[in-house]
Amino acid sequence: MGLLMSLALAAAATQPACAPDALGTSRTLTLPREAAAWGTAQHAALPALAPKEVVLTFDDGPRPESTPLVLKALAEQCVQASFFMNGAPLQAHAELARRVRDAGHSVGMHGFRHEHFPQLSPAAQLADLDAMTAAYRAVLGSEPPAWRFPFLEETPTLLAALRERAITVMSVDAGAEDWLPDQTPQMLADKLLGQLAKSGGGIVLLHDAQDQTARALPFLLQQLKANGYRVVHLRWQ
Ligand SMILES: [Zn+2]
């Protein structure tokens with residue numbers, strides 16, 4: 001068997017075929033690496049998104065109990081997303097972090113620990129950013145392009161440091177409040193579609209570290225498709 005054939009079979013074995021009526025990824029939006037901040041919760045809307053286009057983002061992983069389920073649901077629907085990982089689990093579950101990246105998803109930073117940065121000294125905030133950056137480089141072997149603040153709690157210290165390092169800040173436009181406990185897939189879908197109806201689309205915040213989100217994701221993706229939303233994969237140069 002030729003090498004190319006073996007590679008193709010290996011790829012087929014690890015990447016399940018898309019469902020026939022898959023949501024799919026409608027297009028890729030590649031952003032420059034620059035000091036910018038997107039997401040209408042705190043900043044401007046991501047440029048160049050059309051109405052009903054969504055960018056799916058997942059925070060707080062990687063987590064072995066739930067992130068693989070999220071990867072499976074995304075692969076089945078041929079959807080590409082962006083994962084904002086914390087440095088501690090990124091280091092602890094390096095193989096899983098690389099699996100996320102190798103599945104074609106983009107990876108950004110979400111703080112080494114999930115701190116309330118406004119409660120930390122400037123030195124402690126910068127130490128967390130440095131530890132996060134070092135973990136990202138060590139595990140993924142590249143420069144991190146983007147950052148999402150834990151709890152969306154921005155601080156002048158970190159905003160200035162991120163600007164200086166040309167790291168893009170990613171806020172959100174819509175979500176499902178999937179950190180609240182005991183929510184069924186229907187409850188999460190109702191919240192997400194309700195928020196998207198207001199925002200018209202944009203950056204969607206979900207959490208791959210949440211079991212209920214991982215379980216609900218096939219239904220959430222189906223509901224996005226049924227309601228005419230199209231997925232845009234956000235990448236950085
Ligand atoms: Zn978080």
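The values are calculated or read from the model by the stated rules, or taken from the named source; none is laboratory data. As the structure is a prediction and not an experimental result, all values here were calculated from the model. Glycine also receives a Cβ, built like all others from the backbone with ideal geometry; neighbour counts cover every protein chain displayed.
Miscellaneous remarks
- Here the range 196-215 is the region considered, the condition is being in a helix (DSSP H, G or I) and more than 18 Å from the chain's Cα centre (by Cα), and the residue that is nearest to the ligand (Cβ to nearest atom) is SER199.
- Counted residues, the range 24-60 - those being among the basic types (Lys, Arg) and over 21 Å from GLN237 (Cβ atoms): 1
- The set of residues in the range 166-191 being assigned to a loop (DSSP other than H, G, I, E, B) and touching a residue at least 40 places away in the same chain (Cβ under 8 Å) consists of ALA166, ILE167, SER171, VAL172, ASP173, ALA176.
- For the range 200-214, a tally of residues being closer than 23 Å to PRO150 by Cα and either without any contact (Cβ under 8 Å) to a residue 60 or more places away in the chain or surrounded by fewer than 20 Cβ atoms within 10 Å (Cβ to Cβ) (or both) returns 2.
- Wholly within the range 1-101, helices (runs of 4 or more DSSP H) carrying at least 3 residues that are modelled with pLDDT of 95 or more: 67-76, 87-92
- Taking the range 130-162 as the range and being touching a strand residue (DSSP E or B) at 6+ places or on another chain (Cβ under 6 Å) and basic (Lys, Arg) as the test, only ARG148 passes.
- Checked against the criterion of being surrounded by fewer than 22 Cβ atoms within 10 Å (Cβ to Cβ) and either within 13 Å of the ligand (Cβ to nearest atom) or β-branched (Val, Ile, Thr) (or both), the candidates GLU115, GLU95 yield just one match: GLU115.
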